[in-house]
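Working notes, structure below.
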Amino acid sequence: MAGRKLKIGITGYPVYGGSGVVATELGLELARRGHEIHFITYAMPFRLSGFVENVFYHEVEVPIYPLFDYPPYSLALSVAMQNASERHDLDLLHVHYAVPHATSAWLAKELLEGQGPKVVTTLHGTDITLVGRDPSYFTVTRFSIGKSDGITAVSEYLKRETIERFQVPAERIEVVPNFVDLKKYRRDLEPCHRSRFATDDEKVVMHVSNFRSVKRVTDVVRIFARIARERPARLVCIGDGPERGNTQQMAEEEGVADRVVFLGKQDSVAEILSCADLFLLPSESEAFGLVALEAMACGVPVVGSRVGGLPEVVTGAAGRLETVGDVDAMAAAGLELLEDGRWQEASDAARERARAFDADVVVPHYEAYYKRILKG
Ligand code: GMT
């Protein structure tokens, strides 16, 4: 946005997860564009390291007390937002993931008695499709989303879900897709780790997630096992979570345990993704599928489920989407994409498709939206 630089408070989950990645990368991109960014989170965002000009960090301290089985994080966050807003005269609070961040932001505004910043809430997925729908959270989530000055959703799919499930008027939701830095996520990254995972004649299949059941990581192994029966291949899994044990067991059951490596949580996903030949994302539900976009930016074709926002991201020759749970169809699609005569075209198409979501395209969309919200 040419003209006035903004002071923006950003809140998201600072640990691993797509919404946290988007919150952090957006803050860093905005800071690069000269805005003053204040991260208000309970821990240092995991992709934030080293000194970055225009970036400030406010840790939300959540005191524990013997009475609290559940320390009230949302209240401590509201007060941290109030303090940062007052001390730094913030123009905007941009919260990522509605539960409970939209509620904390609304309360912070109340504490500031109308003198506070405008609030923009970005909806990411399970805050609408799973957690926000839970009867324990539904009414407060709907209320808080409605009280936000601006609402964005990461896909058209998520916008539709929000309208349907939370009765938010369509005109109140702006779709701003997730983005990727094409300079950081690309094919020719050095050092290349490929030889660590596979020999020259083996294909490298990859999966990255938080290993929650919604990701269907056991399907990843089942798809891979079918691919590995037809051609030499290795599976590299990145991330960790509750389904990791079941996934390892599935690798044993499918007889491919010696061809699967679990790297656990990794900070430098780009350098690992850039040596993959195929990316698998067979999720049950996916509002956007940021990691599929990151893989595509690295020239890696994607095979996944035709669900949620994934069909908005993986289009044309960039990959193939099949019915959730149809591991045979996904394996067949993967084998086709890996064929020597086809792979390069798919890889080029994946990179080309990712260009539509380059940070330089999407971040100005957020800036323009902020401007509209601030004008009221
Ligand atoms: O529930 C999750 O999978 C985690 C969640 C998050 O907050 O990290 O992911 C959601 O947000 C991502 C970033 O916008 C999207 O790319 C994911 O598709 C979305 N996950 C789901 O909808 C399941």
Quiz item: For the chain, what does -39500 (n - 2.57) per DSSP helix run (n ≥ 4), summed and divided by total residues, give at 222 nm, in deg cm²/dmol to the nearest 500?
Solution: -12500 deg cm²/dmol
Quiz item: Expressed as a whole percentage, what fraction of the accessible surface of the chain belongs to carbon and sulfur atoms when a 1.4 Å probe is rolled over the protein heavy atoms?
Solution: 49
Practice problem: Take the chain, connect every pair of alpha-carbon atoms lying under 10 Å apart with a spring to form a Gaussian network, then pick out the residue of D188, D360, D91 with the largest mean-square fluctuation. | Solution: D188
Self-check item: Distance between the range 204-248 and the range 37-68 - C-alpha centres, whole angstrom
Solution: 32
Quiz item: Which links in K5/K184; K215/K375; K5/K159; K118/K215 stretch past 32 Å when you go from one Cα to the other?
Solution: K215/K375; K118/K215
Quiz item: Solvent-accessible area per residue for the range 1-82 at a 1.4 Å probe radius, Å²?
Solution: 50
Quiz item: In whole percent, what relative contact order does the chain give with Cα contacts below 8 Å and a gap of six or more residues?
Solution: 14
Quiz item: So what J values fall out for the range 155-162 if you push phi through Karplus, 6.51 cos²θ - 1.76 cosθ + 1.60 with θ = phi - 60°, rounded to Hz, Gly and Pro as x?
Solution: 7, 4, 4, 5, 4, 4, 4, 5
Quiz item: If the chain between D258 and V15 were fully stretched, how many nm would it gain, using 0.36 nm times the residue separation less the Cα-Cα distance?
Solution: 84.5 nm
Quiz prompt | Selected from G146, G341, G316 as most flexible by GNM, with the chain as the system and alpha-carbon contacts under 10 Å | solution = G341
Quiz item: Most fluctuating residue of A108, A346, A198 in a GNM of the chain with Cα springs under 10 Å: which is it?
Solution: A198
Quiz item: Using 0.36 nm per residue, how much length does the chain from D69 to R372 gain when fully extended, once their Cα-Cα distance is taken away?
Solution: 104.9 nm
Quiz item: Sequence-distant or interchain residues sharing an amide H contact under 5 Å with H38, placed H: which?
Solution: I8, G9, I10, F56
Practice problem: Could I have the simple spin-label model distance between N246 and A170, label points 7 Å from Cα toward Cβ, reported in nm to one decimal? | Solution: 3.7
Quiz item: Label points 7 Å out from Cα along the Cβ direction at K183 and E230: separation in nm?
Solution: 4.0
Quiz item: Once phi is turned into ³J(HN,Hα) by the Karplus curve 6.51 cos²θ - 1.76 cosθ + 1.60 with θ = phi - 60°, what whole-Hz value does each residue of the range 258-270 show in order, with x for glycine and proline?
Solution: 6, 10, 10, 10, 10, 8, x, 5, 9, 7, 9, 5, 4
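The values are calculated or read from the model by the stated rules, or taken from the named source; none is laboratory data. Keep in mind that this is a model prediction, so the values were computed, not measured. So basically every Cβ, Gly included, is an ideal-geometry build from the backbone, and we count neighbours across all protein chains shown. Just so you know, the surface numbers come from the protein's heavy atoms only, side chains and all, with ligands and any DNA or RNA stripped out. Shrake-Rupley method; radii C 1.70, N 1.55, O 1.52, S 1.80 Å.
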